[in-house]
1. Taking SER61, is it over 20 Å from LYS104 (Cβ atoms), away from ligand 1 (no atom under 12 Å from the Cβ) and of a type in the set (Ser, Thr, Tyr)?
2. I need the full set of residues from the stretch 84-124 which are within 16 Å of ligand 1 (Cβ to nearest atom) and aliphatic (A, V, I, L, M), in order please.
3. If GLY165 passes every condition in (1) within 16 Å of ligand 1 (Cβ to nearest atom); (2) farther than 27 Å from LEU233 by Cβ but one, which one does it miss?
4. Take the residues of the stretch 179-224 that are among the small types (Gly, Ala, Ser) and surrounded by fewer than 22 Cβ atoms within 10 Å (Cβ to Cβ): which is farthest from ligand 2 (Cβ to nearest atom)?
5. Can you confirm whether the stretch 222-238 contains a residue that is within 16 Å of ligand 1 (Cβ to nearest atom) and in a loop (DSSP other than H, G, I, E, B)?
Amino acid sequence: MTKQMLDKQPREVSSKKTKSKSLPPAIQVESLSKSFGEQTVLKRISLEITQGETLAVLGRSGTGKSVLLKLIIGLHKPDAGSIRVNGAEVTNLPPKELNEVRKKVGFLFQQAALYDSLTVEENVAFPLRRHSKMSDGERNKRVHDLLASVGMDQDAHKLPAQLSGGMQKRVGLARALALDPEILLFDEPTAGLDPITAAETDDLILRLQKERHLASVVVTHDIHGARAVSDRLALLRDGEILIEGTFEDLRKSRDPFVVQFLNGS
Ligand SMILES: Nc1ncnc2c1ncn2[C@@H]1O[C@H](COP(=O)(O)OP(=O)(O)OP(=O)(O)O)[C@@H](O)[C@H]1O
Ligand SMILES: [Mg+2]
């Protein structure tokens, strides 16, 4: 291993990560920049998520957290920089190959983004119809297993408008898991939920990570949730990563913004 590669090893290596040492990072973002017109949103961001690891991304509203996730799955094109998913560069991929990458990456959108006119089960079946060659019977079984895993199998025939916000998020999560992704991107999975439902959602995320050894990025405003579900945290400010490390690392920081963010004041 070259010195350069060694330098890129994450600082925190827990036992669950050492297993995957020889694999490329699940996600590797390097010098990523994105502007919309005159507005620069992300300035040369670099981040790495190892296999099986969960990174929480924190930051104030409008700092580019959702934009970062959308760049990773190719919904936005970066102005500069590189994004590798399991070692393969995904910026500037032709649509067909980008589709292949997207199958490996589940995305839970900030607004659950369910199809209004489709029932719960049809929403979860959607990616399976589109990307898999399952028979109707196999697909139905898969959909109901997924709904059961998020506690929504009783509501399979409801329309999204008949669900609460938390229920919609759980259906969004079942849909994000449909193609058995290796990587999951969560955009504010607990925003707008009551504290008990939020804690249940965090538990669900933790359980999925344990059972499936997924790598994930969780964007959140909720510092307690971030601490509960993540191995490491990154705090964005003005389009840059102000600090990155474990919760303890962040707590040791004397930077007034970090202190203020952790205290929620
Ligand atoms: N498609 C777009 N076109 C133009 N500007 C955009 C677009 N998407 C995002 N932006 C701008 O980029 C900035 C970052 O947006 P983003 O949605 O990533 O914020 P965020 O950190 O996710 O905020 P929040 O915590 O409120 O969800 C905002 O100023 C937003 O207006
Ligand atoms: Mg957002």
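Each reported figure results from applying straightforward, stated rules to the coordinates on display, with no laboratory input. The structure displayed is predicted, hence computed values, not measured ones. Positions of Cβ are backbone-derived with ideal geometry, glycine not excepted, and every protein chain shown enters the neighbour counts.
1. Details: over 20 Å from LYS104 (Cβ atoms): yes; away from ligand 1 (no atom under 12 Å from the Cβ): no; of a type in the set (Ser, Thr, Tyr): yes.
Spelling it out, it is not the case that SER61 is over 20 Å from LYS104 (Cβ atoms), away from ligand 1 (no atom under 12 Å from the Cβ) and of a type in the set (Ser, Thr, Tyr).
2. Passing the criteria: LEU108, ALA112, ALA113.
3. (2)
4. Of the stretch 179-224, the ones among the small types (Gly, Ala, Ser) are 191-192, 198-199, 215-216.
Retained after the next criterion (residues that are surrounded by fewer than 22 Cβ atoms within 10 Å (Cβ to Cβ)): 191-192, 198-199.
Details: ALA191: 9, GLY192: 12, ALA198: 17, ALA199: 21 Å.
Within the stretch 179-224, the match that is farthest from ligand 2 (Cβ to nearest atom) is ALA199.
5. Yes, the stretch 222-238 has at least one match.
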